[in-house]
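Computed from the coordinates by the stated procedures, all read-outs in this text should not be read as laboratory data. Please read these numbers as outputs of a predicted model, since none were measured by experiment. Cβ: placed from backbone, ideal geometry, glycine included. Neighbour counts: every protein chain shown.
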Amino acid sequence: MSMQDKFEISTIVGGIMTYFGSLAFDVHSIVTVGIGIATILYTLVKTLNIWVDIKIKKSKLKNKK
């Protein structure tokens, strides 16, 4: 096996590894982005719920007087 053959095989293997690595990274980044969006949405909903609760409580207090 010549150096040229070894170099070509290592290049092919490297290319395959890089391809699968980038695929795995894509999946990981999609999951990360998904979690990020979910967290932001969850926080927004929580904030809105708290805000709505405060509004309801204030209006109930006004109605009691």
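Lysine pair count for the chain with Cα-Cα distance under 23 Å and sequence separation of 8 or more or different chains is 7. A dipole drawn for the chain from +1 and -1 charges on Cβ atoms has a positive end, and of 48, 38, 22 the residue lying farthest that way is 48. Of the labelled figures [x] 0.96; [y] 1.66; [z] 1.05, only one reflects Rg/Rh (Cα atoms, Kirkwood Rh) as derived from the coordinates, namely [y]. Computed from Cα atoms, the angle from the helix 3-64 axis to the main principal axis of the chain rounds to 0 degrees.
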